[in-house]
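The values are calculated or read from the model by the stated rules, or taken from the named source; none is laboratory data. All values reported here derive from a predicted model rather than from experimental measurement. Quick reminder, even Gly has a Cβ in these numbers, built from the backbone with ideal geometry, and neighbours come from all protein chains shown. Protein only, heavy atoms only, side chains kept; ligands, DNA and RNA dropped before computing areas. Shrake-Rupley method; radii C 1.70, N 1.55, O 1.52, S 1.80 Å.
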Amino acid sequence: MTETDRSPLAVFERHESNVRSYCRDFPVVFARAAGHHLWDSTGRRYVDLLCGAGALNYGHNPARIVERVMAYLAAGGPVQSLDLHTVAKADFLERFTGLVLEPRGLGDFVVQFPGPAGTLAVEAALKLARKVTGRTEVIAFTGGFHGASLGALAATASPLLRGAAGVPLADVTVLPYGDAAGPDGTDPVTALERALGPDSRAAPPAAILLETVQGEGGLHTAPRPWLARIRELADATGALVIVDDIQAGCGRTGTFFSFEDAPELSPDLVCLSKSLSGMGLPMAALLIRRGIDQWAPGEHNGTFRGHNLAFVAGSAALDHWTDPHFTDHAAELAAAIRISLGNITTALPAGVADVVGKGAMSGLRFTDAQNADGVRRALFRAGIVAETSGQGHVLKLMPPLTMSLTTWKEVADTIGDTVLTTVPAVSATASQASGAA
């Protein structure tokens, strides 16, 4: 047996597909998790700022949620139930409607469970929008990420994912996002007007699909006037507005939905997943304005749309939203993150990096992508797991919403020190200053 064969990573090299990705950036074997910590098989502890790409907003294995799931299993509750009625589903629907939808003016929405993955919520939304309107075209935006299944992939910007489709990705028009000019220099509002305004020669679309904060696209945040114009043009053309809140939802930006501070957007369909189940169990939902719930029974289905452990965990997670200490803390953490990142950029030479994102879905956008990756690698060596996005330019930081302010301060200090010692321009300046002294 060679040394390579004895490596703890050898089993994955031998038996798992080459498609794996995150594990290549973090090449250890994780064995245990709790709160904001991960431990690898050697016992080394890491701070997790990746959080399952937004699937662990309440941290790893939150005790109260785990207890509810274990009690449900011990009582012999059904785990998989297709779309049969279960006590677990009823409890989730009642609590979700009463604690989340109704207080936010969304009480006229119904919930569809399309299956375990977020991309399935997007697929259902696109399919329903096309059914309701009788149209085929969808408007999406540069930098968007909506999933890797073919319908959602057609609206996803990633060249890597699109190139793997193997078939044409049709019936989606991509426009510039937010306040960033398009490849040809076109202003995003102007692009909207050309595509959807009264002088447009294009057929009106079935839907406009967007994230109000782009996760994989680099933490771009949509300005309110642009969102308002989307709603106006959608109403004028009879198109539906779909918000993909899969990564930015469930409190990640400071409010349960990422669009709550832009009420003028008023989406018709909302896609949720990731942290909806509270502890990373597979679960997705499509929120549908009642008047457009035009599905025929069984017209869209899937085996694992009745994952009762996720319903139980999701119901338990909603306890957070009845606790003012949690909601106040989440807002305080979001503010602390922005302040910390602002302090880091202030210490850098002008133009090296800027703060992007919103709330606890924020990060540093480096002009040079090599700096972002260098910082990510150095953070991992220091025991912090964080990813990059936005074609590698953005160090994306997504701590659990339950992380204490004291812990965040310690983590932010490590991030700041790592940035200042890793970015070449900063390190070179420091060395020169030291030599001059």
Fill in: Cα pair distances in the stretch 296-368, grouped into 10 Å bins until the bin that holds the longest one, percent each
16, 25, 21, 21, 14, 3
Fill in: Cut-off 10 Å between beta-carbons: net charge of the residues surrounding T212, Lys and Arg +1, Asp and Glu -1
-3
Discussion item. Using +1 at the C-beta of Lys and Arg and -1 at the C-beta of Asp and Glu, which of L101, Y22, A284 has the Cα lying farthest in the positive direction of the dipole of the chain?
Written reply: Y22
Fill in: For the stretch 206-255, the spread of Cα positions along each principal axis, largest first, Å
31, 21, 20
Worksheet entry | Charge dipole (debye, nearest 20) of the chain; +1 at Cβ of Lys and Arg, -1 at Cβ of Asp and Glu | 600
Discussion item. Once R0 is set to 30 Å, what does the formula 1/(1 + (r/R0)^6) return for the Cβ-Cβ distance between A203 and T303, expressed as a FRET efficiency to the nearest 0.05?
Written reply: 0.25
Worksheet item: Taking a threshold of 24 Å on the Cα-Cα distance, which of the pairs K127/K274; K274/K409; K89/K131; K274/K358; K274/K396 fall above it?
Response: K274/K409; K89/K131
Practice prompt. Answer with one residue from T186, P168, Q112: the one whose Cα lies farthest towards the positive end of the charge dipole of the stretch 76-186, charges on Cβ with Lys, Arg +1 and Asp, Glu -1.
Written response: P168
Practice prompt. Determine the share of the stretch 125-229's accessible area contributed by carbon and sulfur atoms, expressed in whole percent, with a 1.4 angstrom probe.
Written response: 56
Worksheet entry | Solvent-accessible area of Y58 with every protein chain in place, 1.4 Å probe, in Å² to the nearest 10 | 10
Worksheet entry | Radius ratio Rg over Rh of the chain, counting only Cα atoms, Kirkwood formula for Rh | 0.97
Discussion item. Is the C-alpha gyration tensor of the stretch 35-143 telling us rounded, prolate or oblate? Criteria: a/c under 1.5 is rounded; beyond that, a/b larger than b/c is prolate, otherwise oblate.
Written reply: oblate
Worksheet item: Expressed as a whole percent, how much of the Cα-Cα distance distribution for the stretch 260-348 exceeds 22 Å?
Response: 54
Item to complete: Please work out the Cα center distance from the stretch 1-59 to the stretch 258-274, rounded to the nearest Å.
Response: 33
Fill in: Inter-site label distance for E94 and R32 at 7 Å from Cα along Cβ, in nm
3.8
Discussion item. For Cα pairs less than 8 Å apart in space and 6+ apart in sequence, what is the mean separation divided by the residue count of the chain, i.e. the relative contact order in percent?
Written reply: 21
Practice prompt. State the volume of the convex hull built on the alpha-carbon positions of the stretch 85-175, expressed per residue in Å³ and rounded to an integer.
Written response: 139
Response to the item:
Counting only protein heavy atoms and leaving out ligands, DNA and RNA, the solvent-accessible surface of S200 at a 1.4 Å probe, in Å² to the nearest 10, equals 30
Item to complete: Considering Cα pairs under 8 angstrom that are at least six residues apart, work out the relative contact order of the stretch 213-337 and quote it in whole percent.
Response: 20
Fill in: Average projection area in nm² (convex hull over Cα atoms of the stretch 296-417, one quarter of hull surface)
11.0
Worksheet entry | Separation of the V167 and M70 label points, Cα + 7 Å toward Cβ, nm | 4.6
Response to the item:
Expressed in angstrom and rounded, the centroid-to-centroid distance over alpha carbons for the stretch 127-141 and the stretch 218-242 is 15
Fill in: Normalised contact order of the stretch 111-193, rounded percent, pairs of Cα under 8 Å and 6 or more residues apart
23
Worksheet item: Is it possible to state the helix-based mean residue ellipticity at 222 nm for the chain, with each DSSP H run of 4+ residues giving -39500 (n - 2.57), the sum divided by total residues, to the nearest 500 deg cm²/dmol? What is it?
Response: -11000 deg cm²/dmol
